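These notes are about the structure you will find just below.
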Amino acid sequence: MYLSRHLRLLPKANIARSLNGGGVHYTTASSAAPAEDSPIQIPNRIQRSPTDLLQALAGTVGRDSTAPHYKYHDDPFLIPMSNAAKRTYAMSKESGRKAAQWIKEEHRDLFLHQEAEPSIEKFAPSMVYTEDSQVDESSLSQLISQGELKDAVLVYNLLEKKGVEISSELKQSLLELVCFYNNDEPLPEEWIEERWFLQNNRRRERGGKTWKDGDLAEKLYAEIEPKTPQSYAALIRGMAKYLQCERAFALLQEAGEKRIQLDTNTYNSINQIVSLLKDNAEQRWQLCTDLLQEMSQQKLLPNIGTLNAVLECISTFGNFKLARTSALKVLPEFKKLGVSPSLGTYYYLLIIFCRERGPVSHIIVDILNDIGGKELKIVHPKDTYFFATAMDVCRNHLHDKSLAKKVDALLHTGKNYDLIGDSFKESIYYRNYLALLCQTETIEDFMLTYDQLVPNIYIPEPGIMEEILRAVEINGAVEHVPRIWSDMVVFDHTHRESLLLYVLRIMVNNKPSTDSGAHQQLPEQCAKVALDMYEKVEEAVKRLRKVSFTGQMLGDILTLLVRGDNFEKATEVFAHIDKNQHRIPGTPSETALQEFVEASIQNKSPSQALTALQYAVDNNMESSTLARRIHNGFTLNETHLAKLKSLVGESFLEK
């Protein structure tokens with residue numbers, strides 16, 4: 001466009017530019033079309049969101065697996081290394097923003113300047129309403145349109161006190177706002193982390209009704225006369241959302257008796273709570289079909305919300321056979337009506353068909369064949385549940401690595417990663433993905449995936465770390481233990497006694513060959529891991545944490561230090577064993593004592609060998625082999641020889 005604009009400013013007798021091959025060739029303008037015959041075509045304006053430019057720039061680069069999420073500071077000391085720290089750091093950053101906003105609101109007189117052109121309404125100080133504020137219907141209407149529930153209720157009460165007549169349309173708008181939030185001030189949209197955290201808490205604490213009976217919503221509904229379909233719909237949806245199920249259903253029946261036609265979404269809200277209205281599967285299915293028939297009689301077209309509400313009801317059936325046949329009936333019916341399934345639909349199908357105690361179902365294969373390779377969009381709130389559930393099915397229901405990789409490929413197609421949901425669902429997704437891969441892939445291939453995901457995308461929980469260690473043990477891949485141990489230290493898994501014993505067992509039972517050049521450094525590395533573990537547990541014991549030393553643990557640490565030629569630290573560990581033998585549960589293995597004695601012989605330390613023999617005798621362990629090896633391995637002086645005889649007897653040495 002820039003070039004065309006400047007060419008049109010040239011005189012007609014001037015030259016016109018044309019490109020031939022790689023060079024530039026100039027001809028007279030008489031051979032070109034007149035400028036008047038090709039006017040400038042200004043394209044229609046495309047509506048852009050505030051972040052379109054940033055998204056375009058971000059689309060030019062992929063996600064860097066070596067960098068933390070952008071919401072964390074890219075600083076080694078401020079990068080979270082556990083799931084709890086991720087949540088804490090994200091919430092802390094959001095808390096700082098909330099504190100800044102509080103200061104802005106409390107000292108609004110200091111922030112009255114508006115430098116942006118055009119002005120940005122979000123940056124302007126919000127209006128403060130008090131009992132003395134001068135308000136009218138327009139003030140209430142503006143607050144409702146902005147979603148300011150608290151101020152809208154205050155202004156409504158002020159208008160009521162002043163006797164100002166409020167139109168039914170405005171009352172209806174306020175009723176819808178109050179019903180949607182149950183007259184509780186909602187969290188602003190920008191507090192993403194806090195909203196996710198609250199949602200997870202509500203999911204765990206989900207109980208009964210939270211609808212506020214006799215509150216403002218019901219007062220507004222009573223004031224609206226005559227009753228309209230919109231007023232019925234607002235109250236029914238609000239009651240259904242906050243689980244006042246019986247009254248919501250009674251209002252639906254009342255509207256039917258008065259021949260007031262409700263909309264599709266109102267019926268959807270009742271379909272979602274059918275499982276709370278009826279006790280068994282047959283009754284639920286009967287009520288569900290009755291509601292669909294009512295919609296048909298009122299010529300109401302179903303939508304994706306209707307389909308997913310029906311499947312949600314079916315997913316609660318304890319009778320697997322009825323649930324499966326009902327779902328298979330519903331899908332073709334909705335397809336005839338032009339309702340295409342969303343990811344939420346497939347989520348419910350997975351719940352219905354892939355039950356823990358039900359027969360094995362491969363419905364996920366058909367689902368992936370249908371949506372594989374497509375870029376998907378969110379059309380229903382339950383769409384964000386699909387990927388975590390699909391990966392759970394691949395791991396626990398089918399144990400199929402190839403299907404899991406297809407699900408992962410779909411997740412990373414286009415912008416489908418936006419549908420992973422919140423950080424909680426993302427963690428569940430990768431938990432199942434890594435657990436499945438470590439059970440089905442070679443350890444080398446698995447570690448490639450592990451390096452891509454850990455720690456910036458996913459941090460393994462202790463249960464998954466145990467699965468990874470099991471895979472390392474099965475494959476005898478002791479060379480990966482130092483890397484895994486360093487991750488365990490960073491992820492604060494060092495107070496898990498079962499994991500510590502597992503790491504030690506792998507290193508002790510997979511003794512690397514000294515002839516192998518590739519593994520020459522392994523004994524030394526394993527000794528460093530063992531020493532680090534010893535120091536970590538010792539520190540934890542001082543802090544009265546749950547983990548504590550056991551005889552087996554100290555014996556394995558002793559063995560690894562001996563194999564790593566760190567005899568000085570090995571003697572320190574054995575001194576701890578000997579000194580605290582009455583407080584430490586269990587004893588080191590006989591093999592650990594034998595290797596310590598061999599190291600004592602190599603380091604010409606008979607006193608350490610005799611101390612080990614003394615420990616074996618005191619704890620009723622096999623001592624004859626140790627005594628014979630000490631007698632044959634050292635040239636003992638009279639003092640040492642006398643002690644040896646006192647431990648095993650003179651007659652034994654004469655054999």
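The values are calculated or read from the model by the stated rules, or taken from the named source; none is laboratory data. Here the structure is a predicted model, which is why all the values come from computation and not from measurement. Because the Cβ atoms are built from the backbone with ideal geometry, glycine has one as well, and the counts that use them run over all protein chains shown. When the accessible area is computed, the model is the full protein with side chains, heavy atoms only, and any ligands, DNA or RNA have been set aside. Shrake-Rupley method; radii C 1.70, N 1.55, O 1.52, S 1.80 Å.
A count restricted to segment 84-93 and to residues that are open to solvent by less than 60 Å² (accessible area, probe 1.4 Å) and touching a helix residue (DSSP H, G or I) at 6+ places or on another chain (Cβ under 9 Å) stands at 3.
Here T550 passes the criteria (1) of a type in the set (S, T, Y); (2) in contact (Cβ under 8 Å) with a residue 40 or more places away in the chain; (3) open to solvent by 30 Å² or more (accessible area, probe 1.4 Å) except the one numbered (3). Looking only at residues of segment 575-595 that are among the hydrophobic types (A, V, I, L, M, F, W, C) and farther than 13 Å from A530 by Cβ, we find that the one that is most open to solvent (accessible area, probe 1.4 Å) is A575.
Restricting attention to segment 353-387 and to residues that are open to solvent by 30 Å² or more (accessible area, probe 1.4 Å), among the charged types (D, E, K, R) and in contact with a Phe, Trp or Tyr (Cβ under 8 Å, 6 or more places away or on another chain), the residue that is modelled with the lowest pLDDT turns out to be R355.
This table checks each residue for (1) surrounded by 13 or more Cβ atoms within 10 Å (Cβ to Cβ); (2) at pLDDT below 80.
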| site | (1), (2) |
| --- | --- |
| L3 | no, yes |
| L7 | yes, yes |
| Y26 | no, yes |
| A35 | yes, yes |
| I42 | no, no |
| S49 | no, no |
| M81 | yes, no |
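Of everything listed in (1) touching a Cys at 6+ places or on another chain (Cβ under 9 Å); (2) surrounded by fewer than 20 Cβ atoms within 10 Å (Cβ to Cβ), the single unmet condition for R284 is (2).
Number of residues in segment 353-382 that are in contact with a helix residue (DSSP H, G or I) (Cβ under 7 Å, 6 or more places away or on another chain), among the charged types (D, E, K, R) and not in a helix (DSSP H, G or I): the value is 2. When restricted to residues that are open to solvent by 60 Å² or more (accessible area, probe 1.4 Å) and outside any helix (DSSP H, G or I), segment 94-119 contains 9. Would you confirm, using the coordinates I've provided, whether F574 is at pLDDT 90 or above and part of a loop (DSSP other than H, G, I, E, B)? Against the criterion (at pLDDT 90 or above and part of a loop (DSSP other than H, G, I, E, B)), F574 does not qualify. Entry remark, segment 205-244: residues being open to solvent by less than 80 Å² (accessible area, probe 1.4 Å), among the basic types (K, R) and over 40 Å from the mean Cα position of the chain (by Cα) number 1 in total. Let me confirm something: among L434, L448, which residue is outside any loop (DSSP other than H, G, I, E, B) and without any contact (Cβ under 8 Å) to a residue 24 or more places away in the chain? After applying the criteria, what remains is L448.
Restricting segment 173-188 to residues that are within 14 Å of L154 (Cα to Cα) and without any contact (Cβ under 8 Å) to a residue 60 or more places away in the chain, the residue that is least open to solvent (accessible area, probe 1.4 Å) is L174. Flag: V339 does not match the condition of being open to solvent by 70 Å² or more (accessible area, probe 1.4 Å) and either in contact with a Lys or Arg (Cβ under 6 Å, 6 or more places away or on another chain) or β-branched (V, I, T) (or both). From the list L398, L350, the one residue that fits, being surrounded by fewer than 19 Cβ atoms within 10 Å (Cβ to Cβ), in contact with a helix residue (DSSP H, G or I) (Cβ under 9 Å, 6 or more places away or on another chain) and at negative phi, is L398. Screening the candidates S646, S600 for the property of being at pLDDT below 90 and assigned to a helix (DSSP H, G or I) yields one hit, S646.
Does segment 262-275 hold any residues that are out of contact with any Gly (no Cβ under 7 Å at 6 or more places or on another chain) and surrounded by fewer than 17 Cβ atoms within 10 Å (Cβ to Cβ), and which are they? Across segment 262-275, the qualifying residues are D263, T264. Filtered by the rule that a residue be assigned to a helix (DSSP H, G or I) and either open to solvent by 10 Å² or more (accessible area, probe 1.4 Å) or of a type in the set (D, E) (or both), segment 421-431 gives S423, F424, K425, E426, S427, I428, R431. Within segment 51-79, being assigned to a loop (DSSP other than H, G, I, E, B), of a type outside the set (A, V, I, L, M, F, W, C), at pLDDT 80 or above and open to solvent by less than 100 Å² (accessible area, probe 1.4 Å) holds for T51, P68, H69, K71, Y72, D75.
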